[in-house]
Amino acid sequence: MRYAVWNNKGGVGKSFLSFVLATEIAHERGVPVVLIDMCPQANLSEIVLGGNGIGSERLDKLISERKTIGGYFDSRINSPHARTGSETEFLLDARLVNENLPRVVYIVAGDPSLELQAQVINQISSQSLPVESWRNVHSWVADLVDECIKKLGPTTMVFVDCNPSFSAYTELSMIAAESLIVPCSSDGSSARAIDNVGSLLYGVGKGADYGAANFPARAQQFMMKLPEIHSVVLNRSTRYNKKASKAFGAMFDEIKSRVAKLQQSSPDSFVKGGPYYEDVPDSHSVAIVCSHQGLPLYALKPGKYEVHDTEPQVNAEPLQRYRTAVATFISSI
């Protein structure tokens, strides 16, 4: 399966959730997992490449060598309408640079040049000739994913970590995915973001006002399937008596209400039997330590860890609580 992790809102924990899902699945199931970092900030890449500090240095090296998603896009700008045959050259075996990871985790690293390349993507895809220009360009990430699966085998799972902005590179990410994971935080912005997902990705509500000019209409024109919403995740929720606190629970109810309205308007935009609602608690110091050291969740143990000039404490109870919630979520994937 190919999953995109996206919400039209920043700060909801998409990158760390992508890291945790990929490394836990690779560890538990032993299947290859490919992470594609489609965010110009490339936070996911820094974690995978070793954590804060050393991960940043390794990412800078990959960027300079153009062994990133930006480098891949460079090659496709020169060959916009056909695969180059070099797609998997941008795929990195993550364990070769971070021995903390499982053996079957791979990454196509992020790149800040995505922002500049988005303008070029728009220009090329809007060309009238060849007539398939929009389709060809919007297939770039799907082409990359196809070639990675051919190399690693049919059991390969893919997670695309997306930028909140619905820019050109996010459109390409949506075309590459079969299913969509929508992380949310407990605030009104996340509730409104559900409406934005419906509008931008499925043409519901305000999105319908733009007719054939909007993204979903163009995708339909070229018979390109959009991802179906698999799950809506209340991420980083505060818990009380093993449930989300009243305040968090009330906001999650509002998010569910928005999702229900979207499903009523566009039922084919959801996976069969879905969406799955997942309640993932606040990871406290877990995310800080894992991100700083490039350490998977399964390898984390209670205790103190050095993070810059501090020593955050990872306690057993919240760690187990977080692991249990993640395991429950993974069982639906």
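The values are calculated or read from the model by the stated rules, or taken from the named source; none is laboratory data. Since this is a predicted model, take the numbers as computed values, not measurements. Using ideal geometry, Cβ is built from the backbone for each residue, glycine included, and neighbour counts are taken over all protein chains shown. The area values use the complete protein model at the heavy-atom level, side chains included, leaving out ligands, DNA and RNA. Shrake-Rupley method; radii C 1.70, N 1.55, O 1.52, S 1.80 Å.
A few points about this structure:
- Among the numbered conditions (1) within 26 Å of Ser199 (Cβ to Cβ); (2) free of Cβ contacts under 8 Å to residues at least 60 places away in the same chain, the only one that Val280 does not meet is (2).
- Residue check for Pro281: in contact with a His (Cβ under 8 Å, 6 or more places away or on another chain), open to solvent by less than 20 Å² (accessible area, probe 1.4 Å) and not hydrophobic (A, V, I, L, M, F, W, C): no
- Residue in region 251-273 that is more than 20 Å from Ile181 (Cα to Cα) and modelled with pLDDT under 90 present: no
- Qualifying residue in region 128-147 (condition: of a type outside the set (S, T, N, Q) and more than 25 Å from Arg218 (Cα to Cα)): no
- Single unsatisfied condition, Ala219 versus (1) modelled with pLDDT under 85; (2) surrounded by fewer than 24 Cβ atoms within 10 Å (Cβ to Cβ); (3) in contact with a Lys or Arg (Cβ under 9 Å, 6 or more places away or on another chain): (1)
- Residue tally, condition within 18 Å of Phe16 (Cα to Cα), of a type outside the set (A, V, I, L, M) and either touching a Gly at 6+ places or on another chain (Cβ under 6 Å) or part of a helix (DSSP H, G or I) (or both), over region 289-321: 9
- Helices (runs of 4 or more DSSP H) (entirely within region 130-202) containing at least 1 residues that are closer than 21 Å to Lys14 by Cβ, open to solvent by 10 Å² or more (accessible area, probe 1.4 Å) and in contact (Cβ under 8 Å) with a residue 24 or more places away in the chain: 140-152, 168-176, 188-202
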